[in-house]
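Comments concern the structure below.
The values are calculated or read from the model by the stated rules, or taken from the named source; none is laboratory data. Owing to the predicted nature of the structure, the values given are computational and were not obtained by experimental measurement. Glycine gets a Cβ as well: all are built from the backbone with ideal geometry, and neighbour counts include every protein chain shown. Just the protein is used for accessible areas: all its heavy atoms, side chains included, with ligands, DNA and RNA removed. Shrake-Rupley method; radii C 1.70, N 1.55, O 1.52, S 1.80 Å.
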Amino acid sequence: MSTPSVNLGIPSVRETPVISPRRPTRKVRLGDIHVGGDAPVTVQSMTTTPTHDINATLQQIAELTAAGCDIVRVACPRQEDADALPAIAAKAQIPVIADIHFQPKYVFAAIEAGCAGVRVNPGNIRRFDDQVKEIAKAASDHGTALRIGVNAGSIDPRMMKGDRVTPEALVASAKWEASLFEEHGFHDFAISVKHNDPVIMVDAYRQLSAEGDWPLHLGVTEAGPAFQGTIKSSVAFGILLGEGIGDTIRVSLSAPPVEEVKVGNQILESLNLKPRKLDIVSCPSCGRAQVDVYTLADEVTEGLKGLEAPLRVAVMGCVVNGPGEAREADLGVASGNGKGQIFVKGKVIKTVPEAEIVPVLLEEAKRIAAEMDAPSGTPDVSVGA
């Protein structure tokens, strides 16, 4: 009598599941990129250079592009900045959004300059509502998208009830401005309702997502220094993107903008919303560890810096979780007693002394990456769950 098979729920082929499917939104075009609809979630950042310094701004945009930025925003507080927009928009490798506050004339200047989009902050642009029709026509004529950017620091005062900025006030302000554009048949815009408190921010975006199909730009505004801002943004984005809410993101850090892009891409990769590149899996170490896991992980990370292959590398320090994690990775090591078992595609290929673990891992990683880049015989590599 044969033993019946039991389905343990383990897939035969590795998949890249997401927590929740994206909520449907309409699609907006920004140059060669789309935001919303079935388009991938994009990563944005903002230059810190004076926009009128064209060469410095283009250099920073190039650095952001190389780091994986999809869309870039540039500030436009003065006429000399507006005058620089045509050259920047024409030469940047990614879509440029002009960031406009206070002066509505710069909205028209940015549209005329050929910017892919314009961020408008209705709460602090003088006589904005009276010019919506003209802005909508100009943007429509030039194929320019807009972002209605509402945040706690410049909310429409008519929407306030007392001094406290609530999620309801953020949403009401955004919906009001959206309705003005929609009255004139203009729909090529995204909305953001940012706040520095992740809890208020999450609540606002949930409410806004439930009330319309606008593409949503996620952001925790003034999130803080690198560590604090990364935590705040990761928590807020993880909640919302996990619920399928959000079409483009900007991590706001008091740090170089390239760091914002790195964090943003890592958030999307962690949620399987962006194809993973190099993924280092390493244990936190404990009393069971018999090798220096911290140094091993740091040296492997440094040695593989710049590797673009979607490679999952596990650096494990003991025999409890080590073999399983190393076996699940494309490449891994399970360490103990001053030695390491090297795994490739789930199989042990050799055991080496601790001093040789890093060189062997780097050699194998580069070999696998080269095979993946080969025009034929490309291995089927999963980046893990």
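For the range 142-170, residues that are over 18 Å from VAL220 (Cβ atoms), free of Cβ contacts under 8 Å to residues at least 24 places away in the same chain and in a helix (DSSP H, G or I) total 2. Criterion applied to PRO323, PRO310, PRO359 was being closer than 16 Å to SER282 by Cα and outside any strand (DSSP E or B), and the one residue passing it is PRO323. Scanning the range 204-228 for residues that are open to solvent by 60 Å² or more (accessible area, probe 1.4 Å) and farther than 25 Å from ALA116 by Cα turns up ARG206, ALA210, GLU211, PRO225, PHE227, GLN228.
When you check VAL235 against the structure, is it over 17 Å from the mean Cα position of the chain (by Cα), open to solvent by 60 Å² or more (accessible area, probe 1.4 Å), at pLDDT 95 or above and among the aliphatic types (A, V, I, L, M), yes or no?
Against the criterion (over 17 Å from the mean Cα position of the chain (by Cα), open to solvent by 60 Å² or more (accessible area, probe 1.4 Å), at pLDDT 95 or above and among the aliphatic types (A, V, I, L, M)), VAL235 does not qualify.
When the range 341-358 is filtered for residues that are closer than 15 Å to VAL313 by Cβ and of a type in the set (Val, Ile, Thr), the ones remaining, listed by number, are ILE342, VAL344, ILE349, ILE357, VAL358.
Exactly one residue out of SER173, SER179 is modelled with pLDDT under 95, in a helix (DSSP H, G or I), surrounded by fewer than 20 Cβ atoms within 10 Å (Cβ to Cβ) and of a type in the set (S, T, N, Q): that is SER179.
Selection within the range 254-301: residues that are among the small types (Gly, Ala, Ser) and at pLDDT below 90. The member of this set that is least open to solvent (accessible area, probe 1.4 Å) is ALA297.
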